[in-house]
Amino acid sequence: MTENQVTMTDPRKHDYFYDEASKNLRTNIRFSAAGTKTIVVTSCFPNEGKSDIIFQLALELGNIGKRVLVVDADIRKSSYISRYRVRKRIYGLSEYLSGQAGLGDIVYRTNFTGVDMIFSGPVAPNPSELLEQEAFTELIHTMREKYDYVLIDTPPIANMADAAIVAKQCDGAVLVIENERVSRRVALKAKNQLAASGCRIIGAVLNKVDMEHDRYYSKYGSYGSYYGYGYGHKKKQDGDK
Ligand SMILES: Nc1ncnc2c1ncn2[C@@H]1O[C@H](COP(=O)(O)OP(=O)(O)OP(=O)(O)O)[C@@H](O)[C@H]1O
Ligand SMILES: [Mg+2]
């Protein structure tokens with residue numbers, strides 16, 4: 001589908017809990033309503049773990065033979081290039097949306113089975129405006145036909161319109177919520193913003209749960225659409241270095 005190739009190096013270290021939760025999320029997505037192919041992932045605040053979850057989910061879907069496209073629609077900040085140590089001039093989404101690159105220029109085949117990538121491209125001064133263009137709608141429609149899943153990374157939804165704009169074009173949304181950080185009121189507001197865009201909310205991921213301490217969340221699947229998602233890291237104890 002694409003001639004462009006890119007090598008991504010995965011520096012992340014997950015543990016058993018994270019990887020099991022990712023497989024669980026994959027299962028829940030596969031069993032969500034038929035035809036759920038384009039999925040926006042957002043959160044209320046920065047740093048709640050969206051990009052990490054998207055990439056891991058893409059790898060898990062690729063591992064079972066699905067064709068997956070990850071679209072980094074966070075054109076306020078390009079995190080994938082540095083995180084995955086991409087050493088190549090990349091043409092990204094912002095360049096396509098501003099007419100500086102064609103669709104064929106921005107889709108990259110990665111070294112991970114089944115996983116293709118559209119990077120965000122250079123930071124643009126008017127991200128919401130770019131995402132509202134017909135060119136973005138066209139991109140999603142075209143890619144929807146070519147892949148089993150299109151996973152779209154966005155900036156946090158609390159203060160920026162981007163995620164809600166992207167959600168309008170998607171079949172489903174996943175809301176990532178960092179444990180002990182997001183109030184019920186803020187999470188509900190995000191949920192309502194997504195719902196107002198007409199996008200179905202597939203579920204929420206409760207991230208950064210301390211699996212050693214939060215036994216309540218360690219039974220995946222017992223809580224409807226809410227999945228515990230943690231690295232299983234220990235909280236610092238008194239006396240720890
Ligand atoms: N379950 C987890 N447990 C511990 N640390 C995590 C977990 N998930 C993500 N992190 C770490 O939290 C940081 C933020 O993750 P990530 O970049 O995926 O968040 P993000 O929501 O995409 O952030 P942004 O809004 O800035 O794009 C990273 O350093 C990542 O390694
Ligand atoms: Mg991110």
Distance between Cα centroids, segment 9-48 to segment 79-113: provide it in whole Å. 21
Once you list every other residue whose beta carbon is under 10 Å from the beta carbon of LEU175, what net charge do they have if Lys and Arg are +1 and Asp and Glu are -1? +1
Ranked highest first by average number of other Cβ atoms within 10 Å, how do 31-41, 90-100 line up? 90-100, 31-41
Using a 1.4 Å probe, how large is the accessible area of GLU134, given in Å² and rounded to the nearest 10? 120
Summing +1 for each Lys or Arg and -1 for each Asp or Glu, what net charge is found among the other residues whose Cβ lies under 12 Å from the Cβ of ASN159? +1
Cα centroid distance between segment 63-78 and segment 132-178, in Å? 10
Percent of accessible area on the chain owned by carbon and sulfur, 1.4 Å probe? 48
Of the DSSP H helices in the chain, those whose Cα atoms cover at least 27 Å axially and whose Kyte score averages 1.0 or more: none
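The values are calculated or read from the model by the stated rules, or taken from the named source; none is laboratory data. What you see is a predicted model; the values in this text were computed from it and never measured. Cβ sites come from the backbone with ideal geometry, for glycine too, and all protein chains shown count toward neighbours. Quick note on the areas: whole protein, heavy atoms, side chains included, nothing else; ligands and nucleic acids left out. Shrake-Rupley method; radii C 1.70, N 1.55, O 1.52, S 1.80 Å.
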